[in-house]
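See below for the structure under consideration.
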Amino acid sequence: MENIVIAGMMLQTRLMERSELKGVFTDALLGYTFYDVLFQGNEFVLLQSKDERKLAPLQYKKLAEQLASVLKKPCVFLFNSLATYERNRLIERGVFFVVSGKYVFLPFLLINAKDSVEISKDRMQPASQYLLLYHLQKEQIQNATLSDLSNKIPYNYLAISRAVRQLEAMQLVDVNTLDSGIKEISFSLPNQELWKKTEPLMQNPIKAIWYADDNINEATLGGIDALSAYSHLNPDYQRTVVFYDKDFNKIRDNTDLRLNKVEGLTRIEVWKYPPILYIGNIVDKLSLYLTLKYDHDPRVQKELETMIKSLW
């Protein structure tokens with residue numbers, strides 16, 4: 001086997017004995033060479049194809065899960081080369097891989113690794129905030145793997161790994177390592193207690209505000225318009241819509257919208273994370289609260305308080 005390099009470091013590899021592969025099905029034994037790897041104190045199994053035949057990403061995912069359940073370690077595929085689209089598809093499926101000296105996708109190492117830069121515990125990052133708000137309002141995240149989460153929320157595997165690391169550093173999630181080496185996360189605090197503990201750490205989702213001289217009908221509602229849907233307030237005279245930062249940049253570059261930073265028929269909130277749709281095309285209640293918590297109108301504050309209480 002050629003020398004395998006990750007981050008400038010040579011992997012310690014050992015060809016696995018047949019006796020160590022008890023329980024591995026015949027097709028896998030015939031198709032792959034199995035190496036036991038130790039890297040920065042972490043063990044995993046590296047699989048090298050004997051004929052360089054490539055599978056579909058979903059096939060790699062299922063194969064890795066089956067082998068990990070038998071070998072009780074994460075399973076990683078070794079490739080001589082991968083095109084960009086191939087790497088992206090494998091990452092989307094949560095398939096661990098190494099292209100020696102070029103690319104690696106080993107998020108289970110990222111979670112275990114100690115950062116050279118200390119993880120912030122005072123200010124929640126957008127992906128961390130999204131994950132927590134999703135748990136509080138859309139679907140309880142209990143015993144979910146990173147791969148499970150990548151199929152539920154609009155962040156890639158790497159961003160989810162970083163979000164989980166921050167939430168773990170803040171002691172908001174429990175991370176459990178299975179025998180296969182796969183990580184499962186869960187939130188241990190009740191929802192209301194979790195919100196009270198984390199609300200001071202959360203950011204206002206709004207990154208920027210723009211105005212358009214046009215009506216924007218196909219968009220998510222935010223601001224007073226969204227609050228009116230959850231309360232007895234009337235909609236604002238000026239419609240407020242919400243776009244994720246990356247989506248707004250595409251719209252701004254590829255449409256004829258007349259935009260400015262001062263005034264217009266439609267108010268546009270550009271958010272740091274994708275809007276979580278709570279009912280129809282309306283932003284979630286907790287993100288909405290974070291955008292309006294410093295509004296000076298006492299009617300707004302009263303309705304925000306009522307809206308939050310209704311969640312619990």
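Any residue at all in the range 149-158 that is closer than 26 Å to Val45 by Cβ, part of a helix (DSSP H, G or I), in contact (Cβ under 8 Å) with a residue 60 or more places away in the chain and of a type outside the set (D, E, K, R)?
yes
Of these, Asp247, Asp256, which one is part of a loop (DSSP other than H, G, I, E, B) and either surrounded by fewer than 17 Cβ atoms within 10 Å (Cβ to Cβ) or out of contact with any Phe, Trp or Tyr (no Cβ under 9 Å at 6 or more places or on another chain) (or both)?
So the residue among Asp247, Asp256 that is part of a loop (DSSP other than H, G, I, E, B) and either surrounded by fewer than 17 Cβ atoms within 10 Å (Cβ to Cβ) or out of contact with any Phe, Trp or Tyr (no Cβ under 9 Å at 6 or more places or on another chain) (or both) is Asp256.
Identify, by number, the condition in (1) free of Cβ contacts under 8 Å to residues at least 40 places away in the same chain; (2) under 27 Å from Tyr155 (Cβ atoms) that Lys285 doesn't meet.
Just one mismatch for Lys285, condition (1).
Restricting to the range 211-237, and then to whatever is closer than 20 Å to Lys293 by Cβ and touching a strand residue (DSSP E or B) at 6+ places or on another chain (Cβ under 6 Å), can you tell me which residue is surrounded by the fewest Cβ atoms within 10 Å (Cβ to Cβ)?
Ala229
Scanning for something surrounded by fewer than 18 Cβ atoms within 10 Å (Cβ to Cβ), modelled with pLDDT of 95 or more and of a type in the set (A, V, I, L, M), does the range 186-195 turn up at least one residue?
yes
Name every residue in the range 73-97 that is over 17 Å from Phe39 (Cβ atoms) and of a type in the set (D, E, K, R), in order of residue number.
Glu86, Arg87, Arg89, Glu92, Arg93
Quick test of your reading of the structure: Asn88 fulfils all but one of (1) without any contact (Cβ under 8 Å) to a residue 12 or more places away in the chain; (2) farther than 30 Å from Ala169 by Cβ. Name the failing condition by number.
Unmet for Asn88, out of (1) without any contact (Cβ under 8 Å) to a residue 12 or more places away in the chain; (2) farther than 30 Å from Ala169 by Cβ: (2).
Based on this model, can you work out whether Ala163 counts as within 10 Å of the chain's Cα centre (by Cα) and at pLDDT 90 or above?
Judged against the criteria, Ala163 is a match.
Of the residues Lys114, Lys72, only one is over 30 Å from Ile308 (Cα atoms), of a type in the set (D, E, K, R), under 20 Å from the mean Cα position of the chain (by Cα) and modelled with pLDDT under 90; which? Spell out how you get there, then give the answer.
Details: Lys72 fails: under 20 Å from the mean Cα position of the chain (by Cα).
Going through Lys114, Lys72 in turn, just one is over 30 Å from Ile308 (Cα atoms), of a type in the set (D, E, K, R), under 20 Å from the mean Cα position of the chain (by Cα) and modelled with pLDDT under 90: Lys114.
Looking at Ser128, Ser81 in this structure, which one is surrounded by fewer than 16 Cβ atoms within 10 Å (Cβ to Cβ) and either among the acidic types (Asp, Glu) or touching a residue at least 12 places away in the same chain (Cβ under 8 Å) (or both)? It would help to see each step written out before you state the result.
Details: Ser128 fails: surrounded by fewer than 16 Cβ atoms within 10 Å (Cβ to Cβ).
Step by step, each of Ser128, Ser81 is checked, and only Ser81 is surrounded by fewer than 16 Cβ atoms within 10 Å (Cβ to Cβ) and either among the acidic types (Asp, Glu) or touching a residue at least 12 places away in the same chain (Cβ under 8 Å) (or both).
Scan the range 210-255 for residues that are over 28 Å from the mean Cα position of the chain (by Cα), closer than 25 Å to Lys309 by Cα and among the aliphatic types (A, V, I, L, M) and report the count.
Residues in the range 210-255 being over 28 Å from the mean Cα position of the chain (by Cα), closer than 25 Å to Lys309 by Cα and among the aliphatic types (A, V, I, L, M): 3 in total.
Identify, from the list Lys73, Lys54, Lys62, the residue that is surrounded by fewer than 18 Cβ atoms within 10 Å (Cβ to Cβ), assigned to a loop (DSSP other than H, G, I, E, B) and assigned by TED's automatic domain parsing to the domain that holds Asn88. I'd like the intermediate steps shown before the answer.
Details: Lys73 fails: surrounded by fewer than 18 Cβ atoms within 10 Å (Cβ to Cβ); Lys62 fails: assigned to a loop (DSSP other than H, G, I, E, B).
Step by step, each of Lys73, Lys54, Lys62 is checked, and only Lys54 is surrounded by fewer than 18 Cβ atoms within 10 Å (Cβ to Cβ), assigned to a loop (DSSP other than H, G, I, E, B) and assigned by TED's automatic domain parsing to the domain that holds Asn88.
The values are calculated or read from the model by the stated rules, or taken from the named source; none is laboratory data. These numbers were taken from a predicted model, which means no experiment stands behind them. Cβ atoms come from the backbone with ideal geometry, glycine included; neighbour counts cover every protein chain shown.
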